[in-house]
Every structure is written in C-alpha cells, then in structure tokens.
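Accompanying notes for the structure given below.
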Amino acid sequence: MDSPLQVHTQLSNELGVELILKRDDLLPFPLAGNKYRKLVRELAEYPDRNALYITNGAVSSNHCRTLAILAAEMGQPVHLVLHEAGGPDVTALALLRQSGASYDIVAPSGIRQMIEDRTASYEASGYNVHVVPGGCHSPAGAAAYRDATLNVLQDVSADVIYVASGTGATQGGIAAGAQAIRPSTRVVGVSVARECSRGREAVLEAAAWAGFSGSLSDIEFTDKYRDGGYGQWTSATQRAVEVGWRNGIPLDPVYTGKAFRALLADVATGEVPANSTVLFWHTGGLWNALHAASRTRAADGAAKAP
Ligand SMILES: *Cc1c(COP(=O)(O)O)cnc(C)c1O
C-alpha cells in the first residue's frame with residue numbers, strides 16, 4: 001500500500017520552492033486519508049478475526065467511518081461511541097448504518113463510561129473486544145507514519161514537511177521517521193484543534209512510541225491557524241483551500257486547509273527560504289471538504305467570470 005508522491009510544477013514555480021505532495025488522500029480506500037494508514041496497522045497488530053472493534057469519535061469522524069468500512073470489508077463487527085460535533089451530519093450517520101456499524105450517540109462527557117459499558121456487555125456475550133483509541137492515536141498509528149516517512153525521505157530530500165495535526169499520531173510518526181533517516185528535515189505540525197501546550201505533548205507522546213528521542217522543544221507545532229478550534233475556520237483558511245482546489249489539490253477547511261495555509265504563509269514570509277524542498281503531506285479530508293462546501297451559501301461560491 002502506498003500513495004503517490006507528486007511534484008507540483010505550477011505551484012513550485014509560483015511559490016519559488018520545490019513543492020512536493022504526499023497524497024495520502026489517494027490511498028486505496030474511500031474517503032479515509034491518513035486514518036486508513038493508521039488503522040490498517042492497528043488492525044494488523046490485532047489479527048483476531050473474531051474481534052469486535054469499539055472506537056469513538058464525532059459522527060462525521062474520518063476515523064470512525066474508516067473503521068466501519070474496514071471492519072465491514074473484513075466481516076467483523078464494529079460499535080461506535082459517537083458525539084455530535086458541529087451539528088448533526090445525517091449523511092455520515094447514514095453511511096455508518098449502511099456499513100453495518102452499530103453506535104451510540106452520547107455527550108462528550110459520557111464517552112468513556114459508554115465505552116466501558118459496551119465493552120463489558122459485548123464481552124459478556126462472548127466477543128473479544130478490541131478498543132481502538134479515538135483518532136487511532138496509538139503506537140501502531142504512529143508506527144505506520146514513521147515507516148511511511150522512512151520511504152518518503154529515501155526518495156525526497158525534503159527540507160521541511162507540513163502536516164495537519166490533530167491527535168498527534170501522524171505528526172509524531174513523521175517526526176520519528178525524519179529523525180531516523182534525515183534529521184535535518186523539519187516537521188511542522190499545524191494544529192487543527194488544540195492549543196500548543198496540549199497539542200505538542202500529544203505529538204511528543206506519539207513520536208516517542210515510534211522511537212523518537214527528544215523533548216517538547218524538538219517538536220514543531222503551531223496553533224496559529226487553528227481558527228478557534230476543531231471544525232472552525234476563517235476566510236483566510238478558506239482562501240488557502242481555494243488556492244488548493246484551483247491548482248488541482250482538493251483541500252478542506254477542517255484539516256488540510258489549515259496546514260496548507262501555514263505552508264503558504266511561511267513561504268511568503270521567507271521562514272521557508274526560496275528554493276527549499278517543501279513536502280506537503282496531504283492527509284485527506286475530502287468528506288470534510290464536501291460537508292463544508294454544502295454549507296457554503298450559493299452567493300459565496302458563485303463562479304465569477306475571469
Ligand atoms: C484525523 C485527521 C488528521 C489528524 O491526524 P492525527 O494523527 O489525529 O493528528 C489530519 N487530517 C485529516 C484529513 C484527518 O482526518
């Protein structure tokens with residue numbers, strides 16, 4: 001399994017750097033992005049064909065949807081403990097039902113208890129329950145990204161990597177991989193939700209799982225583009241999303257748009273010097289792009305003649 005590595009000639013010329021895309025939005029699985037890479041590794045480490053998987057996340061979570069479809073593909077049951085972040089996403093819920101997942105919808109404060117209750121009751125009915133951490137923030141998830149980074153940096157001498165950072169397993173794995181094979185490569189995590197203090201700690205935790213040695217100050221993590229938190233965005237992030245789409249890169253305002261905005265800003269200020277090799281690790285987010293676009297008022301999105 002791997003995703004394409006592409007040089008984007010047009011944007012490279014425009015920005016004055018060599019821009020390379022790692023297209024994890026194109027991993028061979030629908031709508032999953034980085035959650036596919038993480039979950040394949042997670043499930044491979046629990047090769048119990050009788051296991052029932054339990055995990056948690058928002059109704060529209062890429063993680064929950066990916067686990068539901070993967071479990072369906074393997075013919076294994078999955079139970080999701082969901083919360084409704086940012087209003088009900090009835091389409092996401094319908095897809096989960098179609099994939100055969102069962103679920104509860106609870107307030108965020110009730111997630112932990114519900115996971116415990118469901119685990120106990122499924123175990124009482126004879127299932128081997130494997131609880132997958134939310135977002136697949138797990139050693140397996142981080143290891144998947146460490147190994148992918150070892151491959152990428154064998155082919156590309158990236159000076160800096162930009163990636164959207166949420167629970168931190170993706171960035172942590174990338175940081176561990178970079179340290180192992182090309183320590184001069186900077187790994188910049190762009191927060192999609194958390195403020196620096198908590199976000200950076202989670203990244204370091206995941207990086208350490210994947211073999212990284214270092215301290216908090218070795219993790220580059222910015223919360224400058226979080227736009228108030230998860231699922232929120234500003235017109236500045238929306239503009240970065242549009243730059244992406246107009247150059248054939250499907251971005252979303254929840255995850256990848258924030259990371260791409262940081263990349264554009266750092267190239268513009270010279271924080272990333274001219275002629276650098278810049279790798280944008282595209283983590284997916286197509287679902288989020290579609291959901292966001294459907295909420296954009298027609299007047300905002302009307303095509304204008306050039
Ligand atoms: C989940 C997700 C992320 C964040 O990944 P973490 O490993 O949780 O930091 C980034 N981009 C997309 C599209 C995601 O779905």
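Could you compute the longest span of the chain free of GluC sites (Glu not before Pro) located in DSSP loops and having at most 16 other Cβ atoms within 10 Å, not counting the site residues?
The answer is 85-194.
Where does the Debye-calculated log10 I(q)/I(0) of segment 142-182 sit at q = 0.16, 0.17, 0.27 Å⁻¹, using only Cα point scatterers of equal weight, no solvent?
At q = 0.16, 0.17, 0.27 Å⁻¹ the computed log10 ratios are -0.32, -0.36, -0.88.
Within a Cβ distance under 12 Å of residue 76, other residues only, what is the Lys/Arg minus Asp/Glu net charge?
In short, -1.
Among DSSP beta bridges lying fully in segment 154-306, give the percent that are antiparallel, nearest 5.
Percentage antiparallel, nearest 5: 0.
Express the carbon and sulfur contribution to the solvent-accessible surface of the chain as a percent, rounded to the nearest whole number, probe 1.4 angstrom.
Its accessible area is 51 percent carbon and sulfur atoms.
When N is the residue count of segment 171-306, what does its C-alpha Rg come to as a fraction of 2.2 N^0.38 Å?
After normalising by residue count via 2.2 N^0.38 Å, the value is 1.13.
So what are the radius of gyration and Dmax for the Cα set of segment 2-57, in Å?
Cα radius of gyration and Dmax of segment 2-57 are 16.8, 53 Å respectively.
Just to confirm a number: summing +1 for Lys and Arg and -1 for Asp and Glu over residues other than residue 215 whose beta-carbon lies under 15 angstrom from that of residue 215, what do you get?
-3
Within 10 Å, at most 11 other Cβ atoms, and a DSSP state outside H, G, I, E, B define an exposed site. Report the longest part of the chain free of exposed trypsin sites (Lys or Arg not before Pro).
Counting only loop sites that pass the neighbour cut-off, the longest clear stretch is 50-296.
Taking Cα atoms of the chain, Rg/Rh with Kirkwood Rh, to two decimals?
0.97
Report, for the chain, the % of DSSP beta bridges that are antiparallel, rounded to 5.
10 percent
What FRET efficiency comes out for residue 122 versus residue 234 if R0 is 30 angstrom and r is the Cβ-Cβ distance? Round to the nearest 0.05.
My answer for the efficiency is 0.10.
Please state the equivalent ellipsoid semi-axes for segment 45-149: what are the square roots of 5 times the Cα gyration tensor eigenvalues, largest first, in whole Å?
20, 18, 14
What does the helix-only formula give at 222 nm for the chain: each DSSP H stretch with n ≥ 4 adding -39500 (n - 2.57), the total divided by the residues, and the result rounded to the nearest 500 deg cm²/dmol?
-14000 deg cm²/dmol
Where in the chain are the DSSP H helices whose C-alpha atoms run 15 Å or more along the long axis and whose mean Kyte hydropathy is at least -0.5?
Helices meeting the span and hydropathy rule in the chain are 62-74, 139-155, 169-181, 196-209, 256-269.
What would the Debye formula give as log10 I(q)/I(0) at q = 0.11, 0.18, 0.22, 0.25 Å⁻¹ for the alpha-carbon point model of segment 147-215, no solvent?
Each listed q maps to, in turn, -0.22, -0.59, -0.86, -1.07.
May I ask you to give the solvent-accessible area per residue for segment 1-140, in square angstrom, as obtained with a 1.4 angstrom probe?
Value for segment 1-140: 44 Å² per residue.
The values are calculated or read from the model by the stated rules, or taken from the named source; none is laboratory data. Model, not experiment: these values are computed from the prediction. Note: ideal-geometry Cβ built from the backbone for every residue, glycine included; neighbour counts use all protein chains shown. Calculation scope for accessible area: heavy atoms of the full protein, side chains included, ligands and nucleic acids excluded. Shrake-Rupley method; radii C 1.70, N 1.55, O 1.52, S 1.80 Å.
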